Ligand SMILES: [Fe+2]
Ligand SMILES: [Fe+2]
Ligand SMILES: [Fe+2]
């Protein structure tokens, strides 16, 4: 497994960042260990693992960078987005490649991800080394990526998100933004039960969902979507669900079982998109004509 063993030259803080990087090296190594004849589903599952843990790591690394006012924080964010986009492309390739070419594809991807993380740590993360003491000061209480919490409670990954495609436009952009907020919630839940933080994420999700639902309803009205009224009622119920979760978190009385709220939110969005929003597909060409007056709201 040349190129993936942990070495001291990769060390940044001797703490949570190193522990995250070690875990990501192990997860990357799991893909590289797949030999000839590995099944497509198995390879895709390893890339899904890597996406989940990398997203969790990048999110907390960026939070630490904000806290210590790291001067390269913006560059790091841009690189993290690019690294995740590369993983999503790899996942697509594995999913689409012909069975006969799967093994060549596995080798090519192996060569690519061998450097995917290590180059980033050596060339970019290493800039944080002088901040070691500050990082330690701001990273107390962070749950290790290797913990059961992070292993069992997974984000909505790029493969799932792609499967929810409706219009390759404004509706999909909104759904991706909602997924990103739900993923924030999931990762916050994994990092410890902090009702104040979780409630703030629910409030952000409520605000964006409200904007998105109104946009969808306007487009539906404009094209005479036959299920418009039922859809509007479903949106109203979805917002009530978020109100209930927000109130519940505010009361702080109920001890939630880990992952319960995350599971609820994953289904909350995915089921609505799959069961109700998908019905808009035959109408998206007509809806596109309305887009000039409708732009996705960004936070
Ligand atoms: Fe990192
Ligand atoms: Fe929607
Ligand atoms: Fe909808």
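The values are calculated or read from the model by the stated rules, or taken from the named source; none is laboratory data. Quick caveat: nothing in here was measured; it's all calculated off a predicted structure. Every residue, glycine among them, receives a Cβ derived from its backbone with ideal geometry; neighbour counts consider all protein chains shown.
Residues to consider are 60, 66, 91, 39; find the one that is surrounded by fewer than 16 Cβ atoms within 10 Å (Cβ to Cβ), in the same structural domain as residue 118 (by TED's automatic domain parsing) and in contact with a helix residue (DSSP H, G or I) (Cβ under 8 Å, 6 or more places away or on another chain).
Details: 60 fails: surrounded by fewer than 16 Cβ atoms within 10 Å (Cβ to Cβ); 91 fails: surrounded by fewer than 16 Cβ atoms within 10 Å (Cβ to Cβ); 39 fails: in contact with a helix residue (DSSP H, G or I) (Cβ under 8 Å, 6 or more places away or on another chain).
Only one candidate passes the filter, namely 66.
Of all residues in region 256-278, those that are over 18 Å from residue 157 (Cβ atoms) have Cβ atoms under 7 Å from Cβ atoms of residues that are within 16 Å of ligand 3 (Cβ to nearest atom) and in a loop (DSSP other than H, G, I, E, B), 6 or more apart or on another chain, in 277/166; 278/166.
Using the structure shown, decide if residue 207 is surrounded by fewer than 16 Cβ atoms within 10 Å (Cβ to Cβ) and within 13 Å of ligand 3 (Cβ to nearest atom). Criteria not met by residue 207. If you go through region 116-139 one residue at a time, do you hit one that is closer than 21 Å to residue 40 by Cβ, outside the structural domain of residue 187 (by TED's automatic domain parsing) and either buried (at least 17 other Cβ atoms within 10 Å of the Cβ) or more than 24 Å from the chain's Cα centre (by Cα) (or both)? Yes, region 116-139 contains a residue that is closer than 21 Å to residue 40 by Cβ, outside the structural domain of residue 187 (by TED's automatic domain parsing) and either buried (at least 17 other Cβ atoms within 10 Å of the Cβ) or more than 24 Å from the chain's Cα centre (by Cα) (or both).
Looking across region 12-65, the residues that are outside any helix (DSSP H, G or I) and in contact (Cβ under 8 Å) with a residue 12 or more places away in the chain come down to 12, 13, 14, 15, 33, 34, 36, 37, 38.
Can we say residue 261 is crowded, with 17+ Cβ neighbours inside 10 Å, within 24 Å of the chain's Cα centre (by Cα) and within 15 Å of ligand 3 (Cβ to nearest atom)? Give the steps one after another, and end with the answer.
Details: crowded, with 17+ Cβ neighbours inside 10 Å: yes; within 24 Å of the chain's Cα centre (by Cα): yes; within 15 Å of ligand 3 (Cβ to nearest atom): no.
No, not satisfied.
I'm trying to understand the selection: among the residues of region 157-172, which are within 14 Å of ligand 3 (Cβ to nearest atom) and in contact (Cβ under 8 Å) with a residue 24 or more places away in the chain? Outline the logic, then answer.
Keep residues of region 157-172 that are within 14 Å of ligand 3 (Cβ to nearest atom), which gives 164, 166-167, 170-172.
Scanning region 157-172 gives 164, 166, 167, 170, 171.
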